[in-house]
Every structure is written in structure tokens, then in C-alpha cells.
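Since the structure comes first, as C-alpha cells, the remarks are kept for the end.
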Amino acid sequence: MTHSAPPFDGCSWLRAWNETWGAALDPQGFGGRLREARLARLIAAALRDSPLYARRSRGAVALADFAPVSKAELMHGFDDWATDRRITLAGAQAHLAGAGIADAWLGRYLLWTSSGTSGVPGLFVQDAASLAAYDAIEALRLRGSGAGVLGLWSVGRRCAYVGALGGPYAGHVAIERVRRLAPLGLAPRLELMSVLEPISGLVQRLQAFQPDVLITYPSCAAALALEQARGALRLRLDELWLGGEQLTPGQRGLVRSAFGCRLRNSYGASEFYSIAFECSHAQLHLNGDWVILEPVDARGRAAAGDAFSHGALLTNLANRTQPLLRYALPDRIRYAAAPCACGSAWPVIEVQGRCGDTLDLPGPEGRIRLLPLALETAIEEDAGVTQFQLLLRSDTRLELRLEAGAADAAAALARARRAVLAFLAGQGLRGVHVVCSRAAVRRQSGSGKLRRVVDARAPGAEAPVPA
Ligand SMILES: [Zn+2]
């Protein structure tokens, strides 16, 4: 198969790097002016060239005039959503079915998909301008201002990426694109490993590869940190890059003491790859020149007070091809009132994102840890089910539940059960029973969030009441 090179545009790139560098010198002034100019161009493009926005937001002038929009609504109206009329769902799906990871589509776009945490998988089109913005943010902010262009490619370093590889997910596509774009001889040694692999297998492969940089999710890093602490894994990492899940204080302490290396944590989404970057004081700073993030209550109104919001509305200022204006994200956020001690003027946010439990079970040769993200990915990919809950009731019993009113529930439960059993077998766990429950999933009170993997053994765990 021939592969078309990943999209890249030198003009967009130079401009994004200059502006991103300049905005960091004066976030409130120059950064704020960039934000307003980008927002005005985005609104004009959406109302002029996106039939979907033109229809639902007729007469809108300011951002507040746009009603919040959900992933389900945008996916339903996919062919009317983009500002390039060649972008259709059928065309995008045909490209994904036939192309390699990070191949350009229509000569200029990159496609990636999101998981179905909120019930509907998303399909996102990245244009050259948004990719240039992500590159600039990643090199200049996430990796520190000294990293520069060469830092983007981690020249000469050995990088291991442990993530979801079963589909064209944002993290996998983005890392593959950067690798393929690296000038000859400057590409990092990159090893991709699936997060669905048993931890013991990951330990062996990482030990053999000996990466300088490990890129993964916090729950996976924490599981590997335990292996490092007990001597089964012996890595000498320069850096650990984390994203895709919320990093808890417990995980932070664990990976810090086990690996003793520099931690680079970020908060992103398939809808905007680099929403916030962590500073040296372990605070997340919003990339306020490229993205707008509004905390909202359950009815989509501006959230008041110091508490975490019900959700957030995201506006992507970098991408005018597939516009996202006040797009509903399920993440609970809040803005810190005080400025960060690091001196950066970018706003500090706290995020409560994904929050499944890591399940620790007795295996034939010691404890086996099952990562929530790996279990969720296995069920989504193999069973096509997204709104489920998997409850660990005892060391040998898991219970599966579906959303109330799920279509064809018995068949979906049976598929999900087969997927879980296959996953457990792959991890070396054969004596665990998986029972299908007729009870519906129980969402968390207050946030309404669905924790999909729950350790319900521990007293006080937020387990649903047994049916
Ligand atoms: Zn800071």
C-alpha cells in the first residue's frame, strides 16, 4: 500500500510557532489579543461555511450566542459540520478503512477518532493550522521553552509509547505523524506498545527496549512504577510524559519515587489535543491563546462558585475546518483563584476527568493489575459497547451492567462478557466469573459521571446498590 505523507504546512507552522512563543511572553496582552482575533475568524468561518452552524446559530455575533453543542449532534450532522464541503462521514470512514495511521486525507487533513465514553464515538478532522498549533504548544510549553524544534522529535532519544493502538486514536495518530515528519536521521527510536498487554509483558518489553522517555496514561505509569519499585522493572528514564487521564496525587507520588525523573503532564482531548500543560509547580495552565474552556452547570449555564463544574464547554480556536464552538465535554473543571507560584500568567485549572479504578487481582504467580483504560478499550473495541459498568465484587467475581434502556441489552451484555473473558485470559486470569446483571449502571451522584470500572470490594467504594 502507498502512504500519503502526514499533513504539514510550513507557513502555518512558522506562524503558529512565532505566535505561541510571543503569547507566552505576554499571556494577558498579546495572548488575549490573539485569542480574540482567532475567535472572530472562527465565528465568521463557522457561520459562513458550515451549514450546521449557520442553521443552529443564525444571527450569532459573540461566543455566548452559540448554544452548547454535543458530540452526538455534531456526529449526526457530520456532512454539514465542516467548512470544506468535501468532508463527509462516508468519505472519512472510507479513508480510515483503507489508509495507514497518520496518512493525509484529501491531501491536507489528518483524521482521528475518540472513544465512546459519552456514548458516541467521535471522528475529528485536523487541518494544517490546528496541527501546527499542537506542535508549537507541545514543543514550547509542554516540553519547556528550551526544547525547540528538535525537542519536538526528541532527537537521538529512545521513546516508548504505551497506549491504545487498536484504532486511529488521537495519541497514537499524533505521535506517528510527528515521527513520520521528522527529517531523515532525526526521528526518535519509537516503540509502540498496546496498553491492553498484560503488565508483565509490558515490563519485559520495556526492560529490553530501555527507553529514555516513557509516554503513557497515569494509571499505566502507576502500575509500572510498582514494578520498578519492587525491582522487576529497571528503567532509567529521563522523562515521563503523561496524559489521557487525570493524574491523582497518589499516582504522582508513586511514579516520582519509583522513576525519579522529570514528569511532563498535560490535559488534552480528541477535540483539542493540548488544552493545558503542567508547570514546574505541578499546576495545569490553560493554553488560553488557543482554546476557550468554560465551566458550566448541569443546564449548560456558567458555573458559579469555587466548586468543580458539572462539565465544560470547549472552543477550539485553532481549527476552522471542523469548527468546535462551545462543545460539551464531560470533564469537571474549576479555575484557581490565585495565580501560580511559577509566575506564568496562563490561567490555572483543575480537572476531574476519567476516574475508573485499577483492579488488583490474585493471579497464578502473584498479583495482576488490570488498568481501567485497558478494560474499557477491550470492551469498546471487541463488543462495540460504550455505556457499561464493570464492578469487581470479589477476587473471583465481576459484574457487568448496562445503561437503562440500552438497545438489545441481552446481546450487548453477552458480547461485553465475551470481551472481558478474552481480556482476562490474555492477562493470565482464568478463574474469574463474569456475570451479567439486569440492574442498570449507577452514575455518580452530583456529577452524573459514569465510572465504568469500579472496585466494589472495598468498604466505602462508590458501588451501586446491588439489585
Ligand atoms: Zn505554574
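The values are calculated or read from the model by the stated rules, or taken from the named source; none is laboratory data. Values in this document were obtained by computation on a predicted structure and should not be read as measured data. Positions of Cβ are generated from backbone atoms using ideal geometry, with glycine treated the same way; all protein chains shown enter the neighbour counts. The protein model used for the area step is the full one, side chains on, heavy atoms only, and it has no ligands, DNA or RNA in it. Shrake-Rupley method; radii C 1.70, N 1.55, O 1.52, S 1.80 Å.
Miscellaneous remarks
- Note on the range 346-405: among residues that are within 16 Å of the ligand (Cβ to nearest atom) and not in a strand (DSSP E or B), the one that is nearest to Arg457 (Cα to Cα) is Pro347.
- Of the strands (runs of 3 or more DSSP E) lying entirely inside the range 176-288, none contains at least 3 residues that are away from the ligand (no atom under 16 Å from the Cβ), out of contact with any strand residue (DSSP E or B) (no Cβ under 8 Å at 6 or more places or on another chain) and aromatic (Phe, Trp, Tyr).
- Qualifying residue in the range 295-317 (condition: of a type in the set (Ser, Thr, Tyr) and within 16 Å of the ligand (Cβ to nearest atom)): no
- Looking at Gly244, Gly260, just one residue is without any contact (Cβ under 8 Å) to a residue 40 or more places away in the chain, open to solvent by 20 Å² or more (accessible area, probe 1.4 Å) and not polar (S, T, N, Q), and that residue is Gly260.
- Residues of the range 32-57 that turn out to be within 15 Å of Leu317 (Cα to Cα) and without any contact (Cβ under 8 Å) to a residue 12 or more places away in the chain, as a count: 5
- Selection count, the range 326-345, where residues are within 15 Å of the ligand (Cβ to nearest atom), on the phi < 0 side of the Ramachandran plot and open to solvent by 60 Å² or more (accessible area, probe 1.4 Å): 5
- Out of Ala164, Ala160, Ala139, Ala99, sole residue that is in the same structural domain as Glu73 (by TED's automatic domain parsing) and at pLDDT 90 or above: Ala160
- The set of residues in the range 264-291 being surrounded by fewer than 20 Cβ atoms within 10 Å (Cβ to Cβ) and among the hydrophobic types (A, V, I, L, M, F, W, C) consists of Cys279, Ala282.
- Taken together, the residues in the range 33-54 that are part of a helix (DSSP H, G or I) and surrounded by 15 or more Cβ atoms within 10 Å (Cβ to Cβ) amount to 12.
- Cross-chain or 6+ apart pairs with Cβ under 7 Å, the range 58-78 first and in the same structural domain as Leu293 (by TED's automatic domain parsing) and free of Cβ contacts under 8 Å to residues at least 60 places away in the same chain, then of a type in the set (Ser, Thr, Tyr) and open to solvent by less than 70 Å² (accessible area, probe 1.4 Å): Asp65/Ser57
- Test set (1) at pLDDT below 90; (2) within 21 Å of Ala222 (Cβ to Cβ); (3) in contact with a strand residue (DSSP E or B) (Cβ under 7 Å, 6 or more places away or on another chain) - Val441 fails condition number: (2)
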